[in-house]
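Enquirer: Please see the structure below; I have some questions.
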Amino acid sequence: MILPFDIIILVFLIVAAVIALNVKDLLSSAMIFAIYGFLICLLWAEMGAVDVAFTEATVGAGISTVLFIATILNTRRRSSD
Amino acid sequence: MVEFFLNTVKPNFNYWVYVILMMVGLWSLIAKNNLIKKIMGLAIFQTAIILFYVSLGVKDGATIPVLEQVPVEAAGTVAAASTAGAFADGFANPVPHVLMLTAIVVGVATLGVALALCQTIFKEFDTLEEDELLRKIKALPDDV
């Protein structure tokens, strides 16, 4: 574990999570959630869990973003909160 | 304040962030009105728990759990296993990682099912906002 990287990534992680949940445009929200996925993938790699890191990169940042975008395109893009 | 940060927060920073992320996800599940935002909060909650488990496997000065050298003639024997065990302090504990690998895959499956249910709800009620949904469900006749 590399402590400076650790602290920087974790702070960005909280910021990305809060922004993703507070943006009213759901498509932007899905993209910021993809950023959150990549940040957490970086965090796993930095903590020595490389197998978890590449699973998170494909599944967490890739497939879940595709699922979110597909759902938003089939429903409504605006959110009330 | 600075002393509190250096003595209490910094050595356990992963655990503090895991609790914060978990509470952010829980807040979204309870307080958000849009169903997609709720599902996003569920995913954040899940990554927070994975963060907790992976943090358990971290050691100071440890590297990734990949063994570089095992003597060829000793590979696969008891001697090789004990040689690897002698250097175990230098590697992160891989057991929580393997457990969380399963959790990530199950998580994306639940995410897919939840979003599919969202699309079905949207087809039926033409909205994803919780308050409108409740109003429309209450307006339905009883025998539906």
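Enquirer: Going through the stretch B:116-132 one residue at a time, which ones are in contact with a Ser or Thr (Cβ under 8 Å, 6 or more places away or on another chain) and either loosely packed, with under 10 Cβ neighbours inside 10 Å or in contact (Cβ under 8 Å) with a residue 60 or more places away in the chain (or both)?
Expert: Across the stretch B:116-132, the qualifying residues are B:Cys118, B:Leu128, B:Glu129.
Enquirer: Just one of A:Ala57, A:Ala34 is surrounded by fewer than 19 Cβ atoms within 10 Å (Cβ to Cβ), without any contact (Cβ under 8 Å) to a residue 60 or more places away in the chain and not hydroxyl-bearing (Ser, Thr, Tyr); which is it?
Expert: A:Ala57
Enquirer: Return the total of residues in the stretch A:52-71 being at the interface with another protein chain (Cβ under 7 Å from one of its Cβ atoms) and aliphatic (A, V, I, L, M).
Expert: So the count comes out to 4.
Enquirer: A further question on this structure: Identify all residues within the stretch B:1-36 that are within 22 Å of A:Ser80 (Cβ to Cβ) and either open to solvent by less than 60 Å² (accessible area, probe 1.4 Å) or out of contact with any helix residue (DSSP H, G or I) (no Cβ under 8 Å at 6 or more places or on another chain) (or both); write none if there are none.
Expert: B:Val24, B:Gly25, B:Ser28, B:Leu29, B:Ile30, B:Ala31, B:Lys32, B:Asn33, B:Asn34, B:Leu35, B:Ile36
Yes/no matrix, rows are residues, columns are (1) over 13 Å from the mean Cα position of the chain (by Cα); (2) closer than 18 Å to B:Met22 by Cα:
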| site | (1), (2) |
| --- | --- |
| A:Ile19 | no, yes |
| A:Ser28 | no, no |
| A:Met31 | no, no |
| A:Gly37 | no, yes |
| A:Leu42 | no, no |
| A:Asp51 | yes, no |
| A:Ser64 | no, no |
| A:Ala70 | yes, no |
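Enquirer: In the stretch A:72-81, which residue that is of a type outside the set (D, E, K, R), open to solvent by 50 Å² or more (accessible area, probe 1.4 Å) and out of contact with any Asp or Glu (no Cβ under 6 Å at 6 or more places or on another chain) is nearest to the other protein chains (Cβ to nearest Cβ)?
Expert: A:Asn74
Enquirer: Still on this structure, I have one more. If a residue counts only when it is at pLDDT 85 or above, which helices (runs of 4 or more DSSP H) contained entirely in the stretch B:56-144 have at least 2 such residues?
Expert: B:94-125, B:130-139
Enquirer: Would you tally the residues in the stretch A:1-10 being open to solvent by 70 Å² or more (accessible area, probe 1.4 Å) and without any contact (Cβ under 8 Å) to a residue 40 or more places away in the chain?
Expert: The qualifying residues number 2.
Enquirer: Which one of B:Ile49, B:Ile39, B:Ile44 is open to solvent by 30 Å² or more (accessible area, probe 1.4 Å) and part of a helix (DSSP H, G or I)?
Expert: When all the criteria are applied, what remains is B:Ile49.
Enquirer: Restricted to the stretch B:85-115, and to residues that are at the interface with chain A (Cβ under 7 Å from one of its Cβ atoms) and not small (Gly, Ala, Ser), which residue is surrounded by the fewest Cβ atoms within 10 Å (Cβ to Cβ)?
Expert: B:Val105
The values are calculated or read from the model by the stated rules, or taken from the named source; none is laboratory data. All values derive from a computational prediction rather than experimental measurement. Using ideal geometry, Cβ is built from the backbone for each residue, glycine included, and neighbour counts are taken over all protein chains shown. Ligands, DNA and RNA are excluded from the accessible area calculation, which covers all protein heavy atoms including side chains. Shrake-Rupley method; radii C 1.70, N 1.55, O 1.52, S 1.80 Å.
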